[in-house]
Amino acid sequence: MARRRTGKRIEPEFEKATGRKRALSVSQDDRVLPARSRKPASGKGRRKAGGARKSRSAGKRRGLFGLLRGAIYWSLILAIWGGIGLAGIVAWYGAKMPSATTWEVPARPPNVKIVSVDGRLIANRGMTGGEAVGLHEMSPYIPQAVIAIEDRRFYSHFGIDPLGLARAMASNIASGKLRQGGSTLTQQLAKNMFLSPARTIERKVQEVLLALWLEHEHTKDQILTMYLNRVYFGSGAYGVEAASRRYFGKPARDVSLAEAALLAGLLKAPSRLSPARDPKAAEERARLVIAAMREQGMIGETEYAVAMKAPATRAAAYWTGSENYVADRVMEELPGLIGDVNQDVVVDTTLDLTLQKLAENSIRELIARNGKARRVSQGALVSIDGSGAVRAMVGGYDYANSQFDRATEARRQPGSTFKPFVYLAALENGRRPDSVRTDAPVRIGKWTPENYGGKYFGKVTLATALKKSLNSVAAQLAQEVGPKTVAEVAHRMGIESDLAANASIALGTSEVTPLELTAAYVPFVNGGYRPDIHVIRRVTTMDGKVIYEQKGAAPRVVRPEYVAMMNTMMHGTVEDGTARSADFGWPAAGKTGTTQNSRDAWFVGYTSNLVTGVWFGNDDGTPMKGVTGGSLPAKAWKTFMQAAHEGLPKAPLRGMWTPDPAAGDDIRPVAPVGGRENLPMAGAPRPPAAVGGRNGTADDRTASVNRPVPKVGVGEEPRNVGSILDVILGR
């Protein structure tokens with residue numbers, strides 16, 4: 001039978017069942033995700049909440065590790081691409097450079113070492129201003145100081161210092177500006193030798209490549225030596241030798257610890273830190289270097305303490321010392337003698353440094369004492385021996401303040417120091433020292449020459465007229481023989497400047513230099529010969545090979561009898577004439593000169609050993625106050641010549657004239673010796689050498705001899721004067 005259906009439907013319940021064995025329900029455990037509960041009702045609930053927190057912390061850790069892994073990953077990717085980019089840049093700029101097989105260290109610019117007659121250094125000239133020296137030839141403090149402040153890991157890196165570069169980058173980032181470069185000494189050398197100072201990526205890349213090449217091709221000591229001999233130390237000094245002499249007046253081997261620290265400190269900013277510009281800044285920088293040397297164990301506490309107490313170095317703004325005028329003259333003449341200077345050379349000069357210092361002091365002391373009162377600011381002195389060798393030459397009061405060489409470049413009116421050429425022309429045209437002329441006002445065209453002070457003496461001999469420097473008589477003689485004849489005589493004697501052949505030539509109105517005026521008196525010293533005036537006697541390479549040596553004929557330009565007459569007349573100038581203040585007890589002769597309003601004051605005088613010319617004045621031509629040739633110039637001449645002749649036996653002038661009672665006032669003219677171009681009869685013995693030192697010894701170091709010279713006469717064949725050594729040794 002079928003089962004009976006009921007009409008009521010039974011629905012399932014999800015609430016708590018009652019009265020049934022199996023209730024159909026879903027508990028909290030049956031949920032996929034447990035429901036959140038603010039406050040667990042039991043301990044079991046609290047344990048479940050703690051587990052949730054642990055799960056969340058683990059998730060956070062997994063997130064941080066993920067970020068870190070991602071950062072590392074992308075950093076590696078960026079580093080790889082950065083390396084590829086850097087390699088590309090290096091390859092790109094490196095490709096612009098010549099093949100490495102053609103690279104070579106460029107030759108250091110040649111140095112010209114200029115030395116005195118006794119081998120003492122006068123100056124170094126050239127692009128570097130100093131000769132190259134090895135590490136063993138310089139103070140050991142110098143390389144130590146440079147390494148301490150510039151590249152402390154120099155001996156351990158491979159040309160590039162990653163640690164130093166990183167430190168420099170950190171410092172620059174911290175300061176917000178470029179303060180450190182991080183370049184090693186090798187990189188600096190590469191830049192100085194091969195590259196421009198431009199701050200570009202290309203230059204930096206090429207600098208690194210060249211530094212690596214230098215480290216591969218050369219030892220550390222070789223690199224350091226090249227660096228120290230080429231780097232700029234400020235004030236025109238390249239290399240440690242030039243810098244040592246520039247700032248301390250000593251060679252690099254004698255530099256102290258404090259001085260080495262100063263040199264090393266200059267490398268940061270050579271011009272700004274130069275002691276010639278800012279001694280205080282140079283000293284402060286030097287102290288940092290000394291501290292760095294102590295920190296790195298290069299010096300001990302005692303050395304540190306002594307160095308820190310060393311006084312600050314103060315250097316002149318420019319090279320000082322009058323010998324630099326001579327060095328400048330050498331550099332002007334050198335190319336004409338040996339051509340372009342393409343290697344280190346040694347120039348042996350005729351300069352005697354003892355005489356040079358005497359000459360410098362004689363000028364400086366007089367100006368220092370009288371400059372303000374007499375309104376005089378400059379002076380010049382030239383001293384030449386009978387062979388034409390320049391023994392001393394001062395071109396101004398102070399070379400450091402003015403490098404203009406007044407001895408060779410300043411053209412000034414010689415005044416009455418030009419009169420000896422007028423009188424010589426008169427002698428060659430038949431006059432004698434005892435010939436008589438009337439000293440009185442004369443008129444030549446529109447010109448009326450006047451004597452100094454307006455005083456006239458009536459009838460006087462030519463000898464008296466010259467020693468009293470009477471303008472009237474000199475003008476008369478110039479008119480008698482003709483201005484052109486006077487100009488010819490002056491040029492024949494050694495004046496090289498153009499001379500205006502007019503009536504006023506007798507009073508020295510045409511401008512000349514002190515060197516050429518002094519040179520024109522040399523024939524009076526050596527018996528009538530005109531040698532080549534020279535300051536360079538020999539040029540050699542560093543290994544002693546002779547490139548040039550001074551040799552040349554000295555033609556006769558004045559006959560012996562006229563030399564004797566002129567010596568007699570000009571001796572009177574010193575004995576009892578306008579140059580009495582120049583008398584120092586030796587047989588001497590000369591002539592004073594003073595131009596209008598005392599704009600120029602001169603004295604050119606000589607003994608049997610030296611002829612010396614002195615000039616005082618102002619560069620702008622302003623008048624001095626009461627300065628004449630017989631005052632400051634004659635005093636400076638005496639001071640110099642007295643010291644120069646100390647210890648030498650007195651020697652008479654070359655020929656003195658004795659009047660012939662039987663002869664009249666004037667004698668028959670004798671044809672003068674012709675010019676230098678046509679002198680078949682002009683013979684030249686070796687003229688007497690100069691006073692050099694103060695002991696009168698005859699050797700190549702002092703060039704101080706007083707040898708008698710054989711008598712010569714007109715008609716002899718020209719003879720070669722030879723070198724200065726030949727002259728000194730009498731060969």
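The values are calculated or read from the model by the stated rules, or taken from the named source; none is laboratory data. All values derive from a computational prediction rather than experimental measurement. Cβ placement follows ideal geometry from the backbone for every residue including glycine, while neighbour counts extend to all protein chains displayed. Ligands, DNA and RNA are excluded from the accessible area calculation, which covers all protein heavy atoms including side chains. Shrake-Rupley method; radii C 1.70, N 1.55, O 1.52, S 1.80 Å.
Numbers at a glance
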| quantity | calculated |
| --- | --- |
| In the stretch 394-503, lysine pairs with alpha-carbon atoms under 18 angstrom apart (chain gap of 8 or more, or interchain) | 7 |
| Separation in nanometres of the label points that stand 7 Å from Cα toward Cβ, at GLU575 and LEU135 | 7.1 nm |
| Stretchable slack from GLU646 to LEU64, in nm (0.36 nm times residue separation minus alpha-carbon distance) | 199.9 nm |
| Burial order of peptide ranges 452-464, 401-413 (average beta-carbon count within 10 Å, highest first) | 401-413, 452-464 |
| Residues in the stretch 355-385 that a label on THR622 would reach, taking backbone N under 18 Å of a point 7 Å out along Cα→Cβ | 367-379 |
| Calculated FRET value between ASP543 and ALA107, using beta carbons and R₀ = 25 Å, to 0.05 | 0.95 |
| Spin-label model distance (nm) - THR219 vs ALA500, 7 Å beyond Cα toward Cβ | 7.0 nm |
| Efficiency of FRET from Cβ geometry, ARG277 and ARG153, R₀ 25 Å, rounded to 0.05 | 0.20 |
| FRET E, pair ASN597, THR658, Förster distance 41 Å, beta-carbon r, rounded to 0.05 | 0.55 |
| Prolate/oblate/rounded label for the stretch 464-596 (Cα gyration tensor, a/c 1.5) | prolate |
| Sequence ranges 643-654, 286-297, ranked by mean other-Cβ count within 10 angstrom, highest first | 286-297, 643-654 |
| Order by protection proxy (mean Cβ within 10 Å, highest first), peptides 415-423, 239-247 | 415-423, 239-247 |
| Residue-normalised accessible area of the stretch 467-580, given per residue in Å² at a 1.4 Å probe | 31 Å² |
| Euclidean distance of C-alpha centroids, the stretch 600-652 and the stretch 256-312, integer Å | 46 Å |
| Student exercise, the stretch 244-347 dipole from Lys, Arg, Asp, Glu Cβ charges, in Debye to nearest 20 | 480 debye |
